Amino acid sequence: MAMLLRSLLPRVGILLPPVGCPRLIRCLSSAAVCPPARAAVYHQHGAPDHVLQLVEVEGRELLEGEVCVKMLAAPINPSDINRIEGVYPMRPPVPAVGGTEGVGVVVSVAPGVSKLKVNDWVIPSHPHIGTWRTYIAKEESAWCLVAKDVPEKYAATVSVNPCTALRMLQDIVDLKPGASVVQNGATSMVGQCVIQLARINDLHTINLIRDRPDLDSVKERLKALGADYVLTEEELGSLDKKTLAGQAQAKLGLNCVGGSAATAVMKLLGEGGVMVTYGGMAKKPITLSTGPLIFKDLRLQGFWLGKWKSNHSDEEFSTMVNYLLQLVCDGKLQYAMDEVQFSDFDTALQKALGRQGSALKQVLIFN
Ligand SMILES: NC(=O)c1ccc[n+]([C@@H]2O[C@H](COP(=O)([O-])OP(=O)(O)OC[C@H]3O[C@@H](n4cnc5c(N)ncnc54)[C@H](OP(=O)(O)O)[C@@H]3O)[C@@H](O)[C@H]2O)c1
């Protein structure tokens, strides 16, 4: 077993002690170490609830320039699922630890570390770090320092979805105060952030959601965040042409669903409007009517935060993250989350996979 783990674990960033050293901690005297960890590891791509295993991994001595981070909280995002399934274009080689986002506290630092210190809170500055584990040893440059004055669950979830919402509102169309944005998947974390960031900038939002038994309470929840309109595709379909024409003035459309939900976004775009596709939750292609493309001069484009990050510096990323966390502190940005102990990983995973119907964002808590 030890030999098997020895062949696998260095690739997931965890080293075993040298042969003949039965317990690493005993062999290390004063060197900085990262303690043994519990991790959600996958050795092959496939359905996450089939290929993920919770395993114990041994600690190791930190290498020069590394810090050991004790994870505090980490979400399960759709892209984490896609990476494990093997369908996400950028993914770590297997075996790998699941999870790309999260927040942790620095518990030890090796010589050569210059900026981070024990007790700092950090989030990964690059994906593929494997955040679904209790301790992580990585080089200092893999981490971005964040303020400690926000709830852990917000620090853990700020770097993907809120950033995506902000970038799509700021970078694609020049949205003047009073302009409208239409989006599908409005219950998603990105969607909730779009509603609030739009409101801060005096923009209106038209929000499309799936029908559900608790439709009225979900509509109320999104309206309380600042949504102007919340409607299902069916409700949109039953609007008469005059009402629809009055609504169809949006400059920007955001599509994270695909299929008929993307067509619905297109319907509400005004002259020269742009629909940005950033996700494909329904796993269905986008079908378009030719008329609106021609006569309304509509445009389609994609957005990927990974590309934004590769074209911008770590400092720009850090500034964006801290801006969003300040909005959280000021009570201007919030989103619904379900905190689940890491020991209940399987339950959180089932919910994140949608096996129990619509669910809030699952955030793993490590303590
Ligand atoms: N391109 C990028 O850089 C980027 C960055 C971040 C996120 N994303 C994408 O943005 C999307 C939202 O991410 P998130 O983390 O904010 O989501 P989330 O909070 O995990 O929520 C999932 C959303 O997907 C909807 N959904 C799930 N299955 C669906 C289906 N079969 N058909 C239609 N809708 C479905 C849910 O609607 P219900 O409430 O009705 O269940 C909910 O709105 C994902 O596609 C994600 O990959 C892309």
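Annotations
- A straight Cα-to-Cα reach below 28 Å connects K351 with the lysines K70, K153, K219, K223, K283, K284, K332, K361, residues fewer than 8 places away in its own chain not being considered.
- Relative counts (whole %) of C-alpha pair distances in the chain, using bins that are 20 Å wide: 28, 53, 17, 2
- Cβ-defined net charge surrounding N367, 13 Å radius [Lys, Arg +1; Asp, Glu -1]: 0
- When shorter helices are ignored and each DSSP H run of at least 4 residues is given -39500 (n - 2.57), the per-residue value for the chain at 222 nm works out to -9000 deg cm²/dmol.
- Amide H contacts for V340 (H built 1.01 Å from N in the peptide plane; partners 5 or more residues away or on another chain; cut-off under 5 Å): V363, L364, I365.
- Karplus (6.51, -1.76, 1.60) ³J(HN,Hα), θ = phi - 60°, over segment 60-75, in Hz, Gly and Pro reported as x: 7, 6, 6, 7, 3, x, 9, 10, 9, 10, 8, 5, 9, 7, 7, x
- Acute angle (nearest 10 degrees) that the helix 215-225 long axis makes with the longest principal axis of the chain, alpha-carbon atoms: 80 degrees
- Build a GNM of the chain with springs between Cα atoms under 10 Å apart, and of S79, S310, S180 the one that fluctuates most is S310.
- Residues with amide H under 5 Å from that of A31, placed H, sequence gap 5 or more: none
- Label-point separation, M90 to I294 (7 Å along Cα→Cβ), nm: 3.9 nm
- The ranking of R210, R355, R60 by Cβ neighbour count inside 10 Å, starting from the fewest, reads R355, R210, R60.
- Cα centroid separation - segment 136-157 against segment 328-360, whole Å: 19 Å
- Folded to 0 to 90 degrees: helix 314-329 orientation relative to the chain principal axis, Cα: 70 degrees
- Out of every Cα-Cα pair that segment 236-356 contains, those further apart than 17 angstrom amount to 72 percent.
- J(HN,Hα) series, segment 109-121, from Karplus relation 6.51 cos²θ - 1.76 cosθ + 1.60, nearest Hz, glycine and proline x: 10, 8, x, x, 7, 10, 9, 8, 9, 4, 5, 5, 9
- For V274, distant residues with modelled amide H under 5 Å away: L252, G253, R299
- Listed residue (M90, P177, A110) projecting farthest to the positive dipole end of the chain, Cβ model: M90
- Calculated diffusion of segment 161-306, Stokes-Einstein form, Kirkwood radius summed over Cα pairs, 37 °C and 0.692 mPa s, µm²/s: 220 µm²/s
- Look at K70, K115 and count the other Cβ atoms within 10 Å of each Cβ; fewest to most, that gives K115, K70.
- Residues in segment 149-172 that a label on C329 would reach, taking backbone N under 18 Å of a point 7 Å out along Cα→Cβ: 149-159, 163
- Karplus-derived 3J(HN,Hα) values for segment 151-167, using 6.51 cos²θ - 1.76 cosθ + 1.60 with θ = phi - 60°, are x, 3, 5, 7, 4, 6, 10, 7, 8, 10, 6, x, 4, 4, 4, 4, 4 Hz; glycine and proline are entered as x.
- Of V122, V87, V103, the one that fluctuates the most in a GNM where the chain has Cα springs shorter than 10 Å: V87
- Gain on full stretching of the segment that runs from E220 to L239 - 0.36 nm per residue minus C-alpha separation: 4.8 nm
- Neighbourhood charge, 9 Å Cβ-Cβ cut-off, centred on T157 and excluding it, Lys, Arg +1 and Asp, Glu -1: +1
The numbers here are math on the coordinates, done by the rules we state, and not lab data. Owing to the predicted nature of the structure, the values given are computational and were not obtained by experimental measurement. Glycine also receives a Cβ, built like all others from the backbone with ideal geometry; neighbour counts cover every protein chain displayed.
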